[in-house]
Amino acid sequence: MSALGEFGRYQKGSSPLHRADARAKILVTVAFMTTIFLIVSPMQALWALAGFLGLCALGRISPMSLLASSAPLLVLLAVFSLLNLFVNPEGPLLWSWGALAIHEGGLFSAALTATRLGLLVVNGALLLAVTEPLQLTRALSSLLSPLGRLGVPVEQLAFVLALALRFVPTLTLEIQSVMDAQRARGAAFDSGGPVRRLQALLSILVPTFAGALRHAQGLSLALEARHYDPNRPRTIWKKPHLGQVDAVLCIYGLIYVIGLSLL
């Protein structure tokens, strides 16, 4: 299986991060992902990277494998980040060509955006790699349960979110299939200038979107065949409990947030 197909796929293991309660993992991951947008300096970026590597060590997951599985998405986000080169006119002029100009501020803004988005993706990939989809569903339902008092359909919302996360590996495989088909027809994703590469990447969006709709239709038919009723309450065979591993994980997340704020 290609690295792309591994993105978002659960990897079995017995590490402390695997054994931790899914609710604690979600809370820590959300803390990491939200504070990523507070990064404004290289020291903060290094601290965020160190925090991510620490989570990888707790989960006994290779950070390089997460980078490899996230590579296509990271490339798309990097291309998006390059747009910041031309929208920040602050600082000395580094390069110009006609109406296009790159200033030092634009270079810093592009690097900062790429760093933020990259850390966002790999932290999400790590959560999916160490948490089973069923555990995610239960954890989301538990965390969102206070909203049920306001009339929010918590169980249905958690089910939809879990299905969306569950289909991340399926959609990445769909993207890989589309890219292979485009390569067979002469498309080049790894050659040419930035504009040509961007055009090649855009050519996979329409067939990927069509494939996503096809998978969604198949899923709806499968749920109907099993007489799934979203209004009926769902039961839990084994209720999760927070333990020492979860406390350590939450303390780790708190230390990370405090350290990032101080930097």
Per-residue SASA entry for L221, accessible area with 1.4 Å probe, Å² rounded to 10: 100 Å²
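Order these peptides, 148-156, 123-131, 77-85, by their mean beta-carbon neighbour count within 10 angstrom, highest first. Before the final figure, lay out the partial values.
Values: 148-156: 12.6, 123-131: 23.2, 77-85: 16.3.
Descending mean neighbour count gives 123-131, 77-85, 148-156.
So if R0 is 45 Å, what FRET efficiency would R226 and L262 give, r being the distance between their Cβ atoms, rounded to the nearest 0.05?
On the way: r = 51 Å, r/R0 = 1.14.
FRET efficiency, R226 to L262: 0.30.
Using a cut-off of 10 Å between beta-carbons, work out the net charge of the residues near S142 (Lys and Arg +1, Asp and Glu -1, S142 not included).
Working: positive: R23, R138, K239; negative: D21.
Here the charged neighbours net out to +2.
Roughly speaking, what is the stretch gain from E104 to L254, that is 0.36 nm per residue apart minus the C-alpha to C-alpha distance, in nm to one decimal? Working shown, then result.
On the way: separation 150, 0.36 × 150 = 54.00 nm, distance 3.41 nm.
Difference between extended and current length: 50.6 nm.
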Given a 1.4 angstrom probe, what's the average accessible area per residue across the range 98-176, in square angstrom? 46 Å²
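The values are calculated or read from the model by the stated rules, or taken from the named source; none is laboratory data. All values derive from a computational prediction rather than experimental measurement. Please note: Cβ atoms are built from the backbone with ideal geometry, for glycine as well, and neighbour counts cover all protein chains shown. Only protein heavy atoms, including side chains, enter the accessible area calculation; ligands, DNA and RNA are left aside. Shrake-Rupley method; radii C 1.70, N 1.55, O 1.52, S 1.80 Å.
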